[in-house]
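Derivation of every value follows stated rules applied to the coordinates shown; laboratory data play no part. Treat the numbers as computed from the prediction; the structure is a model and nothing was measured.
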Amino acid sequence: MFELFVAMVKEEWRVHSTMFGSISFALFPVMIFWIAFMGSFLLPLMHEKLPAGELSLILHANYLMLGFMVGAFGLLGGEVMNRRFGQASLLAYSARSLPLSERFIFTNFVVKDTLYYFVLWVLPLTLGFTIASPLLGIPITLPLLLTLTLTLSFLSGLCTVFFLSSVYSRSKPALAALLVILAGVAGGYTILTGVNPARLFPPLRLFTAFSWLNLALSCAVIIVLFCISIVLFTPEPPGSIKHAREMLTPLTRRLWFFPTPPLAAKDLIDMYRSGGVVGQTLFSFLIPLVVIWFFLSFLDGYLPSYGVLLEFAIVTGVIASTMYTWITMFDAFGAYACLPVSVRTLITSKIASFSVLQLIPAVFISLVAVLSGQLLYLLPALVLCLSVSFYSLGITIWLTGLSPSVLVYDVKVMATYLVLIGIVLVVLSSVAFAAPFSALAAVLLLIPAGWFARLGFAKWEAREPQLF
């Protein structure tokens, strides 16, 4: 097992270093380290507005969400992998040529990805805080405990989505029933006790009140989810024989008002037939946002009554912008190289498909506003969500073109993205909290969004397309 694990780690490094250079990829965790180190010195200022307990809650929620996002790799169906990486031979497919079982290979793959993202995201942040803590008079035990609990938060999210996606691959009705049961239990617990069920999150309980029992509980939950997922794992989805009716012509007619109706229709058909619309919406969008809502609801005492909804709308907009990644993961420019189709035309078609998918966050925010009793602020929440989403899309197009899932780990790309998005989010949050309906001015973000998109058209048209 160790030999295969080492080979997979080397493969992961070679793939990423080939995509955007060894130095740039190696600097990514260094950037996270410096952000954490410098950000630690802002803690005294933040503590004046938000208690330390709520800050730790937000941090654990972020790493739980990161685990959810990483865990969604279980949804990558054969259609996506074959279309995008069909020319590559990865160790994950060794069972086809070597006497190794699919479960053995997949177990190594999961362990490798866990270590990979721990080194990439968790360790740099906690290391930066650990080094800064003596300078701030913080006991060294606190950053060490944070390292443990953030790791457990990340693993909890990863293993939960891995478990749910394994159930999804076995039976979609079973997954639906499971989610309904979990929602019912959480709702019943809230009604009976008046306590937010997010307070029961084991890593958070471990951080706020360390005990060996809480540590054992946190580890046990992760181990149980992991083991059940391996048992349920199947390399072949049920009903592998599919019959698809002709959809391109009628869908192209319905999308006649788009700049490139056939290409936009193809993107949507790709997602529909691969299960991407349902799977990605559930695991990469809805589940992380539901979890974030539970954690943000703790801030009711520190934000205005409408503040949680508006802050949630901003977060939803950022996550909704990643739908551009959903669309671009199905094919690369190489498939169009022999056709009279430009990079600009392809990106334009992806924007059109992205616009259709924005119905999902719009409906979601509407439901949240109704269920939270904040229907009065639905309009500013929708404007915030969609404006942030399209603004983030424009920046993503400028920085990454048709390869957002690849270039996101380029340190220059990530640093630029964080600065441009971060400044806008801080300003929007301040304005929205001061006067909720002033958030309607967020629609002005469509102007820089279009400007960044045009810059992206010129930038990527002038470059030789990279065939990732």
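Which ³J(HN,Hα) values, rounded to whole Hz and listed in residue order, are derived for region 105-112 from phi using the Karplus coefficients 6.51, -1.76 and 1.60 in 6.51 cos²θ - 1.76 cosθ + 1.60 with θ = phi - 60°, glycine and proline given as x?
Once θ is set to phi - 60°, the couplings for region 105-112 become 5, 5, 4, 4, 5, 5, 4, 5 Hz.
Quote the convex hull volume per residue of region 341-444, based on C-alpha atoms, as a whole number of Å³.
109
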